[in-house]
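The values are calculated or read from the model by the stated rules, or taken from the named source; none is laboratory data. In this text the structure is predicted, and so the values were computed from the model without any measurement. Here the Cβ positions follow ideal geometry from the backbone for every residue, glycine too, while neighbour counts run over all protein chains shown. Remember, those area values only see protein heavy atoms, side chains included, never the ligands or the DNA or RNA. Shrake-Rupley method; radii C 1.70, N 1.55, O 1.52, S 1.80 Å.
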Amino acid sequence: QSKQSDTKPVVFYRRGMDDSYIRLIDIEPELKQAFANNEFTLHLQPLFNNSGSLLSSFEALVRWQHPQRGLIAPSQFLPFIEELGLATRLDDWVLEHCAQLLSRWRALGNEVLPVAVNISARHFQNPELVIKLKSLFRRYQLNYSDIELEITENVAMTDLQAGLNVLQQLQELGIRVSIDDFGTGYSSLAYLRRLPVDKIKIDRSFINELLGEHQDSGGNIVRTLIELSHGLKKRVVAEGVESAAQLELLSQMQCDQMQGYHLSPPINLKMALEMLQSHWKTQSANEKMAPTGA
Ligand code: C2E
Ligand code: MG
Ligand code: MG
Ligand code: MG
């Protein structure tokens, strides 16, 4: 277990033959309770620029603050949320809370950095999503660039036409979309060309292999992904950057944004605001040093 991980894996129930059925019916009332009692909580993981030195955005990652079991990681409860048909409800909760957060940050008088929200597969196929987002941005008076969406590549691929429609509408509004965990799904770079998305997030399994035993092949795959994505005018994010050596190599490969434990684990909202405020300070100090700066 990683010491930097901010959530502990929790074993809910003893494994058995009919284990998934038992677990689901047992956990259902607890999850409904979680919505009713507002037991979900958001952590934010910072993303940095190409050199890893400048904060550039955040990703919202949900946790379940269980009254008895403590902080529970999404991998432990999201499958149940999906199975119970509660994924859209959770996404809506996350979107609403991120919008609230951004409007509080904005009220502090500075330019906010974007927050990315993960959107579940089924939710993304729903045309209601665009209508809901429009109303959300209006209610909180946010810019369309303040919230970015992350979808996995399979989302856009399973029903390509539905996915394309939603993506086109989002693009027209100026809401940016990233393809998450890129390289783990079944899409190809040929499809990528057709998808109006802004960013590709290279899955951390590729970043992991960069300097491992398969150094050459790993390095070549990531370099090729970055070059092809840039050729398609898409920005590239490296997920799961865990060492200075990985950061340096990715930086040389012109990867646009960096995310991972080496730079920062997901942090609570108070720490995220502190990080944003120190970013604001650095920015204004830089502006003073270069008053004519374009
Ligand atoms: P993801 O969207 O790919 O998010 C990145 C995951 O990698 C996060 O796990 C993050 O804590 C972890 N991570 C970040 N840096 C490193 C690193 O350097 N090394 C390693 N080993 N891991 C790193 P987390 O928070 O447990 O979330 C897991 C997945 O659950 C997310 O993967 C996303 O697919 C899903 N998820 C999280 N929050 C939400 C949400 O609000 N809504 C939806 N629909 N899905 C969510
Ligand atoms: Mg994500
Ligand atoms: Mg990801
Ligand atoms: Mg991932």
Can you find a residue in region 255-270 that is surrounded by 17 or more Cβ atoms within 10 Å (Cβ to Cβ), within 23 Å of V177 (Cα to Cα) and without any contact (Cβ under 8 Å) to a residue 40 or more places away in the chain?
-> no
Test L78 against the criterion of being at pLDDT below 95 and within 16 Å of ligand 2 (Cβ to nearest atom), and give yes or no.
-> yes
Just a yes or no: is a residue in region 212-228 open to solvent by less than 60 Å² (accessible area, probe 1.4 Å) and within 17 Å of the chain's Cα centre (by Cα)?
-> no
Applying the selection to region 1-57, what residues are within 22 Å of the chain's Cα centre (by Cα), modelled with pLDDT of 95 or more and open to solvent by 80 Å² or more (accessible area, probe 1.4 Å)?
-> N38, S53
Name the residue, out of I200, I175, that is within 14 Å of ligand 2 (Cβ to nearest atom) and either in contact with a His (Cβ under 6 Å, 6 or more places away or on another chain) or not polar (S, T, N, Q) (or both).
-> I200
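If we keep just the residues of region 241-254 that are in contact with a helix residue (DSSP H, G or I) (Cβ under 8 Å, 6 or more places away or on another chain) and farther than 30 Å from R104 by Cβ, which is surrounded by the fewest Cβ atoms within 10 Å (Cβ to Cβ)? Write out each step before concluding.
Within region 241-254, the first condition is being in contact with a helix residue (DSSP H, G or I) (Cβ under 8 Å, 6 or more places away or on another chain), and the residues that meet it are 241-242, 246, 249-250, 253-254.
Restricting the remaining residues to those that are farther than 30 Å from R104 by Cβ gives 242, 246, 249-250, 253-254.
Working: E242: 16, Q246: 22, L249: 21, L250: 27, M253: 18, Q254: 12.
The extreme case among them is Q254.
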Taking the stated definitions as given, is G174 on the phi > 0 side of the Ramachandran plot and within 16 Å of ligand 4 (Cβ to nearest atom)?
-> no
Scope region 166-192; condition in contact with a helix residue (DSSP H, G or I) (Cβ under 9 Å, 6 or more places away or on another chain), away from ligand 3 (no atom under 16 Å from the Cβ) and open to solvent by 10 Å² or more (accessible area, probe 1.4 Å); matching residues | Q169, L173, Y186, L189, Y191
Filter region 139-184 down to residues that are small (G, A, S) and closer than 22 Å to W105 by Cα, then give me how many there are.
-> 2
Since L276 meets every condition but one in (1) on the phi < 0 side of the Ramachandran plot; (2) surrounded by 17 or more Cβ atoms within 10 Å (Cβ to Cβ); (3) outside any loop (DSSP other than H, G, I, E, B); (4) within 16 Å of ligand 3 (Cβ to nearest atom), which condition does it not meet?
-> (4)
Filtering region 199-213 for residues that are farther than 22 Å from S57 by Cβ and assigned to a helix (DSSP H, G or I) leaves a count of 3
